[in-house]
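Enquirer: One structure coming up, written as structure tokens, with questions to follow.
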Amino acid sequence: MEHLAFTCLSVFSLACALGVVLSKNAINGAMCLLLCLAGVAGLFVQLHAYLLAFVLVLVYAGAVVALFLFIIMLLDMQGGRAWRFRGLNAFAGFIAAALLVTGLNLLAVRGHLDAGAPLGHSGSTFRDYSYQLFTTYLLPVQVMGFLLLIAMLGVIVLSRRAAPSEEPK
């Protein structure tokens, strides 16, 4: 039964991720992202990582997707022209895809990730998570917060419409 639930949630998450990438409408893409995050949260629940599932739904599905939708609505992306793969963009996309396929092949051949020493019991309770978050990972969390703030301010500045200039009569 667990394998069937895992398979269903995995297929659902992958289908929604494809919907994000292949959607021509930005709002539909954001909604597919929301569903994909919900599917991944379901996978975390199956792994008994309830805190990660809660944080994923609360922070990413709740706040980040809402911010994406706000930015999409603010920019009014419906009338824009299509973006195409050309030149450097196509080369960067090819390199990223090659790295992803290589990493997935190594994972499939080895059967596990070789990330060094096992973590052990550390990080298994909310107290351990919060301690690591506010001591070890404080700088990355603060940097990400500032980057999100700068991105939001940049979108607001870029989306401001210039007031029509009044012509003297």
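The values are calculated or read from the model by the stated rules, or taken from the named source; none is laboratory data. These figures come from a predicted structure and were not determined experimentally. With ideal geometry, Cβ positions are generated from the backbone for all residues, glycine too; neighbour counts draw on all protein chains shown.
Enquirer: How many residues, within the range 71-98, are modelled with pLDDT of 75 or more and of a type in the set (Phe, Trp, Tyr)?
Expert: The number of residues fulfilling the criteria is 2.
Enquirer: Shifting gears a bit: Quick check on the range 1-43: of everything there that is in contact with a helix residue (DSSP H, G or I) (Cβ under 7 Å, 6 or more places away or on another chain) and β-branched (Val, Ile, Thr), which residue is surrounded by the most Cβ atoms within 10 Å (Cβ to Cβ)?
Expert: VAL40
Enquirer: Select from the range 44-76 the residues that are surrounded by 15 or more Cβ atoms within 10 Å (Cβ to Cβ) and among the hydroxyl-bearing types (Ser, Thr, Tyr) and list them in ascending order.
Expert: TYR60, the sole residue that qualifies.
Enquirer: Kindly indicate whether any position in the range 27-37 is assigned by TED's automatic domain parsing to the domain that holds VAL59 and over 19 Å from ALA66 (Cα atoms). Before the answer, list the steps.
Expert: Restricting attention to the range 27-37, the residues satisfying the condition of being assigned by TED's automatic domain parsing to the domain that holds VAL59 are 27-37.
Remaining after also requiring over 19 Å from ALA66 (Cα atoms): none.
Checked the range 27-37: no residue is assigned by TED's automatic domain parsing to the domain that holds VAL59 and over 19 Å from ALA66 (Cα atoms).
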